[in-house]
1. What FRET efficiency do you get for A:Phe76 and C:Thr42 if R0 is 60 Å and r is their Cβ-Cβ distance, rounded to the nearest 0.05?
2. Mean 1/r over all different Cα pairs, inverted: what Kirkwood radius does chain C give, in Å?
3. Only Cα pairs within less than 10 Å get springs; with that Gaussian network setup on chain B, which residue of B:Ile78, B:Ile124, B:Ile56 has the largest fluctuation?
4. When all protein chains stay in place, what accessible area (Å², nearest 10, 1.4 Å probe) is found for A:Phe69?
5. If R₀ is 22 angstrom, what is the calculated FRET efficiency for the pair B:Tyr301 and B:Glu203, using the beta carbon separation as r and rounding to 0.05?
6. Provide the buried accessible surface between chains B and A in square angstrom, both chains summed, 1.4 Å probe, rounded to the nearest 100.
7. Modelled label-to-label distance, C:Val300 and A:Glu58, 7 Å Cα→beta-carbon offset: nm?
8. Along its principal axes, what span do the Cα atoms of the stretch A:95-155 show, with the longest given first and each in whole Å?
Amino acid sequence: MIRDILKNKMALSGLLIITMLILVALLAPVLAPHDPYEQLLEKALMAPCWDYPFGTDEYGRCVLSRIIFGTQTALFIGLSVTVVSAFVGVGIGLTAGFYGGRFDEFLMRIVDVFLAFPGLILALVVAGLLGPGLPNVIFALALVGWMGYARVVRGAVLAEKEKEFVETARSLGASDGYIIFLHLLPNIISPVIVMASIGIGQAILGAAALSFLGIGVQPPTAMWGLMLSYGKDYLQSAPYLTIFPGVIIMVTVLAFNFLGDGLRDVCDPRYGKVIEE
Amino acid sequence: MYRYIGKRLCLLLIVILGVTVLTFTLMHAAPGDMAEMIAISRYGAENLTTAEVEAIRLSEGLDSPVMVQYFHWLTHMISGDFGNSLITGEPVLEEILIRLPATLKLSFAALLVSLVIAIPAGVIAASKQHSLMDYLTMSSALIGTSVPNFWLGLLLILLFSVTLGWFPVFGYGGLRYMVLPALTLGAGLAGITTRLTRSSMLEVLNQDYVTTARSKGLSERRIIFKHALKNAFIPIITVIGIQLGHLLGGTVIVESIFAWPGIGKLLVDSIYARDFATVQACALLFAIIFVLINLIVDVLYLFLNPKISYQKE
Amino acid sequence: MTLLSIKNLNTAFKTRNGEVQACRNIDLDIEVGQTVGIIGETGCGKSVLGMSILKLLPYNARVTGEIRYLEQNLLTLSDQAMREIRGGGIGLLPQSPSTSLNPAMKIGTQIEEGLVLHRKMGKPAAKQKAVDMLTFLGIKKAKKVSEQFPHQLSGGMKQRALAAISITGEPRLLIADEPTKGLDAIVKTQVVELLKQLKAETGAALLLITHDLKVAECLCDKIVVMYSGEIIEMAATQKILKKPAHPYTKGLLQSLPEAGMTPIPGQSPSLSQVISGCRFYDRCEIRQAACRYQRVPLSVVNGSQVRCLYAD
Ligand SMILES: Nc1ncnc2c1ncn2[C@@H]1O[C@H](COP(=O)(O)OP(=O)(O)OP(=O)(O)O)[C@@H](O)[C@H]1O
Ligand SMILES: [Mg+2]
C-alpha cells in the first residue's frame, strides 16, 4: 500500500510538497529572515531585494517571513477543519447507514439542506454572523465540509451491510457498535482519507477566500488570504504583494489535490489490478 | 417519469423548508441582540435609549417565542415579503431583483467560458489518453482547480487592465466589463469540468459498444463524435449542474473584486453592515437557485436518456 | 489457401503487478472458409487472442510476432490500413449483446455505418440494405426495428443486429467471441443456426471462441485448446473429441456433464508467472521429472499437434 503510494507520481509529489510545508511551518522561527509582525514604516513597500526576497508590505513587514509564518495558520486551519468535519460526517454517515429507515431518511434530508447552499456562501454567512476570529472560521468551514463524508460513508455502509460478514457477526451475537467499528470502519477508511486529503486543501482555500473578503481571521495575523486582501490595494505599485501569497496558496492546494487524486488512484479497487485507465 | 418528477418536487419542498429553518436559526444564533442592532441601524449608536430598543423589540415581534417568530417570518416570505433592509429600510426583495440580472449575466458568461474551454479539452485528452497532450491538459486542469479565483482575478487585472490596458479594472457595463470577471469565474470551473468531461469520455470509450464501433473499421474521429460524445454528454450535463453551485459561490468573490453589482456583492456588503434581513434573503435565494438548478439538471437527464424517456410512451 | 496465419504471437499487458502474458508463442493458421474453434477455461487468453488479431487491445498491451492476413502482416500495418481490414476483412461478433450496441444510436444507423464505409453505399441504399440484412437474419418488422434503439430490443434481436453489423463489410474472417455465453439451450441452438447462416451467406472463415464444446462440435472444422496463454492441442474436431492427446484436453472432456463432470483438480498458473517447463505440470496426472524444466514444443502425435512430452 505505502509502496503503491510512493510509486504514484502524483501522490508522491503532493506528499513531498506537503512534507516541505510542514517543515516550513515547524521551523518558521528559524527559517524566517525577519519578525513577521515587526513594523518598520520607513521600509514600507520595498520591492524584492537581497534583504527582503519577496519585498515588504505597507507596514514594512517582510513578506517572505509572513508567508512562512502563514504556513502555520494555513495548515492549522486545514487540519482542524478537516478533522472536525470528517468526524462529524463519518459519525453521521455511519449511524444513518447502519440504522437505516426513518432515522437515515431524516439525517439525509439534513445533509441535503446543508448541500443546498453553495459551500462558500454558507461559510461566508456563518463566519460573517459569528464575527471575526480563528475558531469562528474553523467552525464555519467545518459546517460546510462534513456532508461529503456523511454521504460517502453512508453509501459504503449500506453496501457493506449487504455483505455476508455482517450477518455472520450478527448471528454470533456481536453488538451493533462492535460491528460498526470492527467490520465496517476499515472498509470505509480509504475513501475518507482521499476526501480528507482534498478537504484540507479546500479548507485552506476557503479560509483564504474568507479572509480575502475581510471576514474571519483578522490582521495582524500572518495569513495568506489576508495578505492578498491588503496587497490588492497596491496592485499597480507593488504587485509582488499579490503575486507571492497567491502562488503559495495555489501550490498548497495543488499539493493536497495531487495527494488526494493519487491516493484515489491507489485505493480505488477499479484501478487496482489492471491499469486500463 | 412524471411520478419521479413529482417525488423530486416534494423532496425539493422539504429541502427548501429545511433551508429556511437553517437560515433562520443562523440569524438567531448570531451573537448580539437583534433589536438593539436594528435600533442602531435606525437611530445610530449614540444617544440610543432602552425605550427605543424595546419599542423595536415589540414592533418587530422579537419578544415572541422563537417558533412564533419563525412562522411569522415564513408566512411573510411566502407572500413575497422578505422584510426591509436594516440599512436602507427598503424592501430587500426589490434590491435583490434589481441585482439578480447582473449575477445571472456573469454566471452564464462564466459557464460559457468554462464549457468552451473544458469540453474540447476533456474530449481531446480522453481520446488521446496517455499522450503528452493528455498529461498537459490534465495538469493544467488540476492547476486550474487549485488556483484561488480571488488571486486569478487580481492577476488578470494586473495583466490585462493595469499593464496592457485592454479591459477596465472593474465596474459594470458592456461586454468589455464582463470579460475579466467571466474569465476569472470560468477558469476554475473549466478545470473541474475538463477533468469530469475526460473521465466520462473515458468511461464511454471503455464500453463494449465502442469496441464494436472500432471493429467496424470506423475512424477514431467518427467514434469520438458519433458514438462516444453523445453517450458522454449525459454525465457531463450532470457535472455541469453540480458545478453551477461552485459558480454561484464564486460570484461572491468575483463580484467583490470587480465591483460587479450582483447578489454576491450585496451579500458580502450586507455581512459587513450586519444587515441581517438582506443576508438572510440572499442566502436563501442562493440556496433556492442552487436546488432548482439541480432539479432541472436531473429532469434534463431523464429526457436525454433514451432508455428512460421510452418508458414514458 | 491460408487466410490468416499467426506465427509466434505473444501478447503481454503491463500492469502494476508486473507483466501479464496472455498469449504465448501462438502459431495458428486459418484456411479460407474454415471454422476454427478456440476452447479453454476462463482467463486463458482466448479473447485476448481474438482482439490481438483485430488490434483492439488497450494501450497497455504489447503484441509481438506475426499475424499475416492474406499478404499483409497486420502487426506492422498503419492505423489507416488496419481500419480497412477491420470490418472489411475481419469482422467481430462481440461477446455480450446487451452492452455491445450503442444505446444512443438507432439499430439501422449502426448497421449502415459499415455499409457506407466498406461497400461505398449511399445513405438510402445502405438504409434499405440494413433492413434487408435484418430480415434475412430472421427479424420480423425489420423496418421498424431498424428505427429503434437497442434497449427496445430483446436479447436475441440484439444478437441478430450485431451479427448484421459484423458482416456489413463482407469480411472474409469472422471472429465470434463466446456468442453462446449464458444462453439457454433453445437460444443456443438459434445462435448456432445464425452462425451457420452467416457462414453460408458470406463464405467467411470463422474463428469461434467458446467454452462450449457442444457448440464447437456443431460448427468447427478444427479445434484449438488453449491453456494458460498457450496452445496445448490443436486438431480436427472429431479427432480432438474422440481421441484427445493432451492430459488437459482429456480432463476437459471428462469434466463435461455427459462424462460425469469430473473437474480437473487445481488451478491454472497465473499468466504473469514464468515457467520454464510445462505450464500444466502442477495439475498433470502423467507428469514426469522432465516436464518440470524442459521446454515443451508443439509436436505431432497421431495427427494432432500436442504440447506434451508424454502424450499418446
Ligand atoms: N488490459 C489488460 N491488462 C491486463 N491484463 C489483461 C488485460 N486484458 C486481459 N487481461 C488478462 O488476460 C487474461 C486473459 O483474458 P481473456 O479475456 O483473453 O480470457 P478469456 O480466455 O477470454 O476468458 P473468458 O472465457 O472468461 O472470456 C486474463 O487473465 C486477464 O486478466
Ligand atoms: Mg473472453
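1. With a Förster radius of 60 Å, E is 0.65.
2. 20.5
3. Of B:Ile78, B:Ile124, B:Ile56, the Gaussian network model singles out B:Ile78 as fluctuating most.
4. About 40 Å², rounded to the nearest 10.
5. 0.90
6. On the way: alone 17470 and 14690 Å², together 28280 Å².
Roughly 3900 Å².
7. So the two model labels end up 9.6 nm from each other.
8. 40, 19, 16
The values are calculated or read from the model by the stated rules, or taken from the named source; none is laboratory data. Model, not experiment: these values are computed from the prediction. Note that we place each Cβ from the backbone using ideal geometry, even for glycine, and neighbour counts take in every protein chain shown. Calculation scope for accessible area: heavy atoms of the full protein, side chains included, ligands and nucleic acids excluded. Shrake-Rupley method; radii C 1.70, N 1.55, O 1.52, S 1.80 Å.
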